[in-house]
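Structure, as structure tokens:
The values are calculated or read from the model by the stated rules, or taken from the named source; none is laboratory data. This one's a predicted model, so the numbers in the text were calculated from it and none came from an experiment. Glycine gets a Cβ as well: all are built from the backbone with ideal geometry, and neighbour counts include every protein chain shown. Remember, those area values only see protein heavy atoms, side chains included, never the ligands or the DNA or RNA. Shrake-Rupley method; radii C 1.70, N 1.55, O 1.52, S 1.80 Å.
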Amino acid sequence: MDIVIIGGAGRTGSRIHDRLTARGHTARLASRRTGFDWEDTDTWRPALEGAEAAYVCFTPDLAFPGVPEKMAALGRLAHDAGLRRLVLLSGRGEEGARTSEAALREGGVPTTVLRCSWFQQNFSEHFLAGPVRRGRLRLPAPDIPEAFVDLEDVADAAVVALTRPEPEDVTYELSGPELLTFTQAAAVLTGATGRPVAFEPVDVPTFIADVALDGVPAEEAEPLAHLFTEILDGRNATLAGGVAQLLGREPSPLSTYASRAARAGAWS
Ligand SMILES: NC(=O)c1ccc[n+]([C@@H]2O[C@H](COP(=O)([O-])OP(=O)(O)OC[C@H]3O[C@@H](n4cnc5c(N)ncnc54)[C@H](OP(=O)(O)O)[C@@H]3O)[C@@H](O)[C@H]2O)c1
């Protein structure tokens, strides 16, 4: 099957690309490095042409203003280009993301939505890697429980949705197997890294200043911080069954990811 991975070789896209090519599918990356730019609709059609399916990953976040319009345009184009299925990466509990999901579906191509909990890999491959290394997990959020999901599970689930015999126009909610507060997550990271990591709730400007130490620009940190203050209120403090439904097995816990990331030198 010819599958285009829109959103390129990022955290989810690279994992999905590797899995698809290992199974003999043609997986094409589409991002700025291949000439596809979310900011320029003229670059979208060449990326879609000839593909049977697309994985859609919008960066920085599906919930941001202006994204539903982009999703509506992509959905129409995917239909015109003859795609037979779409798989969209989304986030749990995000009102703005719901609007983007619906907009993509307006094009009429069967769309599997993967609504995910917080990624475990936020602690090692994204904006929280620096804070974990510094031992201070500073977030503009209260100490609420979250069901952190492993990106290896998300990638496995996306591959099933992209390659199963018939496309599904459904939404799956994906979470990890346990609810952990940020304090409990910090304790897991302490165990894995062998260095103390503590959760510290902070205000938005402090969070922005903290992640700026690792080169995250304020233009990205500010909307992320506001998204966190919206969704990290306990609304996602439930386990979801999407991993088991799609993969027929239980999701992987934070401790397994943390040991693996520590062994790979994520925080060295
Ligand atoms: N982090 C979480 O906990 C969480 C939870 C649930 C859902 N999500 C969702 O996950 C998504 C992010 O997924 P991810 O972590 O796999 O992404 P990612 O690692 O940030 O990858 C993004 C890719 O997008 C490409 N890109 C960036 N700007 C672009 C542009 N203007 N046009 C085209 N491509 C562009 C980049 O490649 P180039 O540099 O080559 O362009 C990059 O490889 C977001 O939609 C977010 O809502 C995140």
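Among the residues of segment 8-37, count how many are touching a strand residue (DSSP E or B) at 6+ places or on another chain (Cβ under 9 Å), near the ligand (Cβ under 10 Å from one of its atoms) and not small (Gly, Ala, Ser).
Going residue by residue through segment 8-37, those that are touching a strand residue (DSSP E or B) at 6+ places or on another chain (Cβ under 9 Å) are 8-9, 11-14, 16-21, 25-31, 34, 36.
Going one step further and asking which of them are near the ligand (Cβ under 10 Å from one of its atoms), we end up with 8-9, 11-14, 16, 29-31, 34, 36.
Pick out the ones that are also not small (Gly, Ala, Ser) and you get 11-12, 16, 29, 34, 36.
The qualifying residues number 6.
Given the residues 156, 233, 169, 210, which is the only one that is farther than 24 Å from residue 54 by Cα, surrounded by fewer than 22 Cβ atoms within 10 Å (Cβ to Cβ), in contact (Cβ under 8 Å) with a residue 24 or more places away in the chain and of a type in the set (Asp, Glu)? Write out each step before concluding.
Numbers: 156 fails: farther than 24 Å from residue 54 by Cα; 169 fails: farther than 24 Å from residue 54 by Cα; 210 fails: surrounded by fewer than 22 Cβ atoms within 10 Å (Cβ to Cβ).
That would be 233, the only listed residue that is farther than 24 Å from residue 54 by Cα, surrounded by fewer than 22 Cβ atoms within 10 Å (Cβ to Cβ), in contact (Cβ under 8 Å) with a residue 24 or more places away in the chain and of a type in the set (Asp, Glu).
In segment 91-110, which residues are among the β-branched types (Val, Ile, Thr) and open to solvent by less than 10 Å² (accessible area, probe 1.4 Å)?
Within segment 91-110, the first condition is being among the β-branched types (Val, Ile, Thr), and the residues that meet it are 99, 109.
Scanning segment 91-110 gives a single hit, 109.
Examine segment 242-262 for a residue that is assigned to a loop (DSSP other than H, G, I, E, B), open to solvent by less than 30 Å² (accessible area, probe 1.4 Å) and closer than 29 Å to residue 112 by Cα, and state whether such a residue exists. So that I can check it myself, show each step before the final result.
Of all residues in segment 242-262, those assigned to a loop (DSSP other than H, G, I, E, B) come to 248-253.
Those still in the list that are open to solvent by less than 30 Å² (accessible area, probe 1.4 Å) too: 251-252.
In the following step, the residues that additionally are closer than 29 Å to residue 112 by Cα were identified as 251-252.
Yes.
Looking at 193, 238, 256, which is the one that is under 29 Å from residue 106 (Cβ atoms), touching a residue at least 60 places away in the same chain (Cβ under 8 Å) and among the polar types (S, T, N, Q)? Break it down into steps so the answer makes sense when it comes.
Numbers: 193 fails: under 29 Å from residue 106 (Cβ atoms); 256 fails: under 29 Å from residue 106 (Cβ atoms).
Of 193, 238, 256, the one residue that is under 29 Å from residue 106 (Cβ atoms), touching a residue at least 60 places away in the same chain (Cβ under 8 Å) and among the polar types (S, T, N, Q) is 238.
Please tell me if residue 215 is at pLDDT below 95, surrounded by fewer than 19 Cβ atoms within 10 Å (Cβ to Cβ) and in a loop (DSSP other than H, G, I, E, B). Break it down into steps so the answer makes sense when it comes.
Details: at pLDDT below 95: yes; surrounded by fewer than 19 Cβ atoms within 10 Å (Cβ to Cβ): yes; in a loop (DSSP other than H, G, I, E, B): yes.
In short, yes.
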Just need a number here: residues in segment 58-90 that are surrounded by fewer than 21 Cβ atoms within 10 Å (Cβ to Cβ) and within 9 Å of the ligand (Cβ to nearest atom).
5
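Being farther than 20 Å from residue 173 by Cα, small (Gly, Ala, Ser), touching a Gly at 6+ places or on another chain (Cβ under 9 Å) and not in a strand (DSSP E or B) narrows it down to one residue among 97, 47, 103, 9; which is it? Full working, then the answer.
Numbers: 97 fails: farther than 20 Å from residue 173 by Cα; 103 fails: farther than 20 Å from residue 173 by Cα; 9 fails: touching a Gly at 6+ places or on another chain (Cβ under 9 Å).
So the residue among 97, 47, 103, 9 that is farther than 20 Å from residue 173 by Cα, small (Gly, Ala, Ser), touching a Gly at 6+ places or on another chain (Cβ under 9 Å) and not in a strand (DSSP E or B) is 47.
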Tell me, yes or no, whether segment 111-125 has at least one residue that is in contact with a Ser or Thr (Cβ under 6 Å, 6 or more places away or on another chain), free of Cβ contacts under 8 Å to residues at least 60 places away in the same chain and open to solvent by 10 Å² or more (accessible area, probe 1.4 Å).
no
Which one of the conditions (1) at pLDDT 95 or above; (2) over 17 Å from residue 116 (Cβ atoms); (3) outside any helix (DSSP H, G or I) does residue 142 fail to meet, given that it meets all the rest?
(1)
